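The values are calculated or read from the model by the stated rules, or taken from the named source; none is laboratory data. For clarity, every value in this text was computed on a predicted model and none was experimentally measured. Neighbour counts are summed over all protein chains in view; Cβ atoms, including those assigned to glycine, are modelled from backbone coordinates with ideal geometry. What goes into the accessible areas is simple: the full protein's heavy atoms, side chains included, and nothing from ligands, DNA or RNA. Shrake-Rupley method; radii C 1.70, N 1.55, O 1.52, S 1.80 Å.
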Amino acid sequence: MNLVPAIEVDGLEQGYGKTIVLKKIDLTVKRGQILALIGPSGSGKSTLIKSIMGMLLPRKGSVKVLDTNMPNRLVLGKIGFMAQNDALYQELTGKENLQFFGSLLDLSKSEVQDQMDYVASIVNLGPQLNKFVKDYSGGMKRRLSLAISLLGNPDLLILDEPTVGIDPELRDHIWDELHKLANGGCSILLTTHVMEDAEQADQLLMIRRGETIAQGAPQQLLEQYKVDEIEDVFIAAGRDQDARLGSD
Ligand SMILES: Nc1ncnc2c1ncn2[C@@H]1O[C@H](COP(=O)(O)OP(=O)(O)OP(=O)(O)O)[C@@H](O)[C@H]1O
Ligand SMILES: [Mg+2]
């Protein structure tokens with residue numbers, strides 16, 4: 001039953017007005033898999049994520065999440081989503097934000113409380129939860145957004161740059177938790193500019209100039225491109241693309 005992939009994107013073309021941002025993207029995230037999306041700023045990572053969430057309708061191709069065409073409200077309830085821009089209530093405390101988003105889930109009050117304690121501990125936001133969000137630092141807002149996305153044991157996590165502003169120690173802690181969740185069957189799609197994050201993923205999808213330029217497990221890509229760092233895979237794959245398309 002769980003064999004259907006969590007995300008299936010097939011021949012996706014996406015853009016805004018006359019601009020084409022994504023040309024022909026195929027992507028599969030299997031159950032329990034962690035896929036990291038890598039690409040330069042402006043390459044279309046958030047556009048791809050918004051397409052998967054059903055916030056943008058595909059221009060061409062198809063997007064299925066948990067075997068359902070997006071947009072679909074029931075499926076949205078199974079996704080823990082963290083947007084690139086924090087969608088938080090500034091005039092509420094961190095705790096009140098968690099309570100509010102927790103109340104949208106189909107859980108009892110005591111379950112919401114348990115969930116809140118659990119997600120706050122993952123992002124290490126204990127005492128600061130009583131502060132107003134408007135007084136949070138950038139990293140604290142990211143951590144609260146991540147905590148909200150984890151509420152309610154989602155089947156799928158979609159995280160747009162979850163580690164921005166998060167220090168290395170906490171990042172390791174968050175990665176431990178993401179691996180635990182994935183081992184429990186949760187599928188995870190995230191974007192990142194941080195190569196340490198990329199190394200932790202099961203699968204990488206590198207996009208540049210609207211296309212997929214490399215895709216595979218980190219180790220497999222290192223071997224394929226005969227390099228020692230993921231960053232060098234991206235550089236080599238980008239050069240191949242420039243040679244193919246011309247570098248203008
Ligand atoms: N709402 C919009 N209207 C018009 N153009 C847009 C819109 N959103 C994004 N774009 C354009 O689409 C391209 C891809 O943007 P996108 O936000 O998907 O990139 P990204 O890879 O997420 O970048 P970053 O790493 O900086 O977050 C950019 O050229 C951007 O200017
Ligand atoms: Mg983005």
The one condition Val21 fails out of (1) in a loop (DSSP other than H, G, I, E, B); (2) among the aliphatic types (A, V, I, L, M); (3) within 16 Å of ligand 2 (Cβ to nearest atom) is (1)
Of the candidates Gly11, Gly17, the one satisfying the condition of being on the phi > 0 side of the Ramachandran plot, without any contact (Cβ under 8 Å) to a residue 60 or more places away in the chain and within 15 Å of ligand 1 (Cβ to nearest atom) is Gly17
Looking across region 33-49 at residues that are open to solvent by 20 Å² or more (accessible area, probe 1.4 Å) and more than 6 Å from ligand 1 (Cβ to nearest atom), the single one that is nearest to Asn85 (Cα to Cα) is Pro40
Expected single match for out of contact with any helix residue (DSSP H, G or I) (no Cβ under 9 Å at 6 or more places or on another chain) and over 24 Å from Arg142 (Cβ atoms) among Lys60, Lys50, Lys78 is Lys60
All conditions in (1) β-branched (Val, Ile, Thr); (2) over 24 Å from Trp175 (Cα atoms); (3) surrounded by 22 or more Cβ atoms within 10 Å (Cβ to Cβ) are true of Val4 except (3)
Taking region 125-144 and keeping residues in a helix (DSSP H, G or I) and farther than 15 Å from Asp167 by Cβ leaves Pro127, Leu129, Asn130, Val133, Lys134, Asp135, Leu144
Across region 50-99, the tally of residues that are assigned to a loop (DSSP other than H, G, I, E, B) and either within 17 Å of the chain's Cα centre (by Cα) or on the phi < 0 side of the Ramachandran plot (or both) stands at 23
Per the filter on region 27-49, residues in a helix (DSSP H, G or I) and touching a residue at least 40 places away in the same chain (Cβ under 8 Å) are Lys45, Ser46, Leu48, Ile49
Residue hits (region 149-163; within 8 Å of the chain's Cα centre (by Cα), within 14 Å of Ile34 (Cβ to Cβ) and within 16 Å of ligand 2 (Cβ to nearest atom)) are Ile158, Leu159, Pro162
Margin query: Quick check on region 161-171. Is at least one of its residues hydroxyl-bearing (Ser, Thr, Tyr) and closer than 28 Å to Gly15 by Cα?
Written below: yes
Are any of the residues in region 129-140 under 17 Å from the mean Cα position of the chain (by Cα) and modelled with pLDDT under 95?
-> yes
Yes or no: Lys60 open to solvent by 50 Å² or more (accessible area, probe 1.4 Å), more than 16 Å from ligand 2 (Cβ to nearest atom) and modelled with pLDDT of 95 or more? yes
Sole miss for Thr28 among (1) within 15 Å of the chain's Cα centre (by Cα); (2) farther than 21 Å from Leu150 by Cα; (3) within 16 Å of ligand 2 (Cβ to nearest atom) is condition (3)
